[in-house]
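Scroll down for the structure; my scribbles are underneath it.
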Amino acid sequence: MSQPHEIFPMLKPSQVVDAYFLESRHQLLEIAAYLDRYDAAVARAGDRNGAAAADEKRLAVIRKALAIVAEPKPAKERTVALLELFATV
């Protein structure tokens, strides 16, 4: 039986960047827009008192997730760390 890496050969670092840069950029822009929409909604409400505690907790998790993703040399795979983080919400 073939191993997955035999069916799908490993990409070189430059190939990974070439293959996933635009998709990753798009996803980051979506997250930035989400946070901007939230900030605008809070500004329209006049203060953060309009934000529910559950909303703030979920936003804190998103911000922590962004920090995990940005870590240059993570202690564990980023995907695993994010799954563990999101399991807390």
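The values are calculated or read from the model by the stated rules, or taken from the named source; none is laboratory data. Predicted model, so just to flag it, every value in this text is computed and none were measured. Cβ placement follows ideal geometry from the backbone for every residue including glycine, while neighbour counts extend to all protein chains displayed.
Considering every residue within region 47-65, establish whether at least one is outside any helix (DSSP H, G or I), at pLDDT 95 or above and within 21 Å of the chain's Cα centre (by Cα). Talk me through it step by step, then tell me what you get.
As a first pass, look at region 47-65 and keep what is outside any helix (DSSP H, G or I): 47, 51-52.
Next cut, at pLDDT 95 or above only: none.
The answer is no; no qualifying residue exists.
Please enumerate the residues belonging to region 68-78 that are surrounded by 11 or more Cβ atoms within 10 Å (Cβ to Cβ) and assigned to a helix (DSSP H, G or I).
Of everything in region 68-78, those that are surrounded by 11 or more Cβ atoms within 10 Å (Cβ to Cβ) and assigned to a helix (DSSP H, G or I) turn out to be Ile68, Val69, Arg78.
For Tyr38, all conditions in the list (1) modelled with pLDDT of 95 or more; (2) part of a helix (DSSP H, G or I) hold save one; what is the number of the exception?
Here Tyr38 clears every test but (1).
List pairs: first in region 20-43 and outside the structural domain of Ala65 (by TED's automatic domain parsing), second surrounded by 10 or more Cβ atoms within 10 Å (Cβ to Cβ), Cβ under 7 Å, 6+ apart or cross-chain?
Tyr38/Leu59; Val42/Arg48; Val42/Gly50; Val42/Ala51
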